[in-house]
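Have a look at the structure below, then the notes.
The values are calculated or read from the model by the stated rules, or taken from the named source; none is laboratory data. Just so we're clear, the structure is a prediction, and the values are computed from it rather than from any experiment. As a convention, Cβ positions derive from the backbone with ideal geometry for all residues, glycine included, and neighbour counts pool all protein chains shown. Side chains included, ligands, DNA and RNA excluded: accessible areas come from the protein's heavy atoms. Shrake-Rupley method; radii C 1.70, N 1.55, O 1.52, S 1.80 Å.
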Amino acid sequence: MAAESPTRPPPPSIDKAWALFLDVDGTLLSFATEPSAVVVDPVLRDSLQHAHQRLDGALALISGRPLSTLDRLFAPLRLPAAGLHGLERRNGDRQSAPVAAPGALHRIRAEAEALSARLPGTLVEDKDVALGLHWRAAPQHGPQLRAFAEAALPRLPGYRLQPGDHVVELRPAGADKGDAIAALLEQPPFRGRTPVFVGDDLTDEHGFAVVNARHGISVLVGTREPSAAHYTLPDVAAVHAWLQDALPA
């Protein structure tokens, strides 16, 4: 008999003493067939701006997307953020970035694009130092793209595979979302606050672990199991409504 899924309560209302960390895709933004097709509702942008102000700046985006893409999506906002699963970080004037992509990645990208052209509905996402292989619109092709990524990995010393929701990435080893959150918590305005992380995907479990270890609040969006999160919100719309509660009366 299968074990029952844990029952998690909704998170408490946003508190001024929090350091709030938010995943993007699947948490703030609904998934699209292509990563470039997502849309940021102006109401969401306003909610993030107000929450950022209410928390005295202690709100950050924690995403697998590059910082440059986050800035384009949420413009004119330029929030503290971690991109590429923590390989890029920005907090005020502090910014870090990964080293340049190895030459082998360019060759693998060309091979991946040739494979994708033969697999309708799949997509290769160029993240400069990382490469995402997507099959959301064609789940039957997932095994072929995963096999390609696994075969390519030995040609990229210092890289690792990052599985996600209908995607696998070839990315530099090192930092993850939990590392990014831990680093930001050492810096103002996040330092000394209760850490809160909201995310949906397997990659967000690193963040949940860091927040839980610091007696913070971990919030899973959706029904994916298993998860270390202690609270839940059912979907992206519920996240938006929760953020709206942070607005001044």
Angle in degrees between helix 142-152 and the longest Cα principal axis of the chain, rounded to the nearest 10 = 70
ask   = For Gln187, which sequence-distant residues (separation of 5 or more, or a different chain) have an amide H within less than 5 Å of its own amide H, given hydrogens modelled in the peptide plane?
value = none
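How big is the convex hull of the Cα atoms of segment 143-249, per residue, in Å³?
Values: hull volume 13.6 nm³, N = 107.
Spread over its residues, the Cα hull of segment 143-249 gives 127 Å³ apiece.
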query = Helix 42-54: angle to the longest alpha-carbon principal axis of the chain, degrees 0 to 90, nearest 10?
reply = 50
query = With labels modelled as points extended 7 Å from the Cα through the Cβ direction, what inter-label distance (nm, one decimal) is found for Asp126 paired with Arg191?
reply = 4.0
task = Answer with a single label: of (i) 59, 33, 32; (ii) 83, 39, 35; (iii) 53, 51, 34, which was calculated as Cα extents along the principal axes in Å from the structure in view?
result = (iii)
remark   = Lys and Arg at +1, Asp and Glu at -1: neighbours of Ala209 with Cβ under 12 Å from its Cβ sum to -2
ask   = Which residue fluctuates the most in the chain, going by a Gaussian network model with Cα springs under 10 Å, if the choices are Ala114, Ala209, Ala58?
value = Ala114
request  = Would you give the gap between the C-alpha center of segment 173-249 and the C-alpha center of segment 113-155, rounded to a whole Å?
outcome  = 28
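What's the carbon and sulfur percent of the chain's accessible surface, probe 1.4 angstrom, rounded to a whole number? Mind showing how you got there, number by number?
On the way: 6160 of 11260 Å².
C and S atoms contribute 55 percent here.
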remark   = chymotrypsin sites (Phe, Trp or Tyr not before Pro) in segment 8-53 lying in a DSSP loop, each with at most 12 other Cβ atoms within 10 Å of its Cβ, come to none
query = Anyone know which of Thr122, Thr203, Thr69 comes out most mobile in the 10 Å Cα GNM of the chain?
reply = Thr69
query = For labels at Asp41 and Ser13 in the simple 7 Å Cα→Cβ model, what's the distance in nm?
reply = 2.0
key: Degrees separating the helix 103-117 axis from the principal Cα axis of the chain, which is the longest one   = 80
key: 1.4 Å probe accessible area per residue over segment 96-249, in Å²   = 44
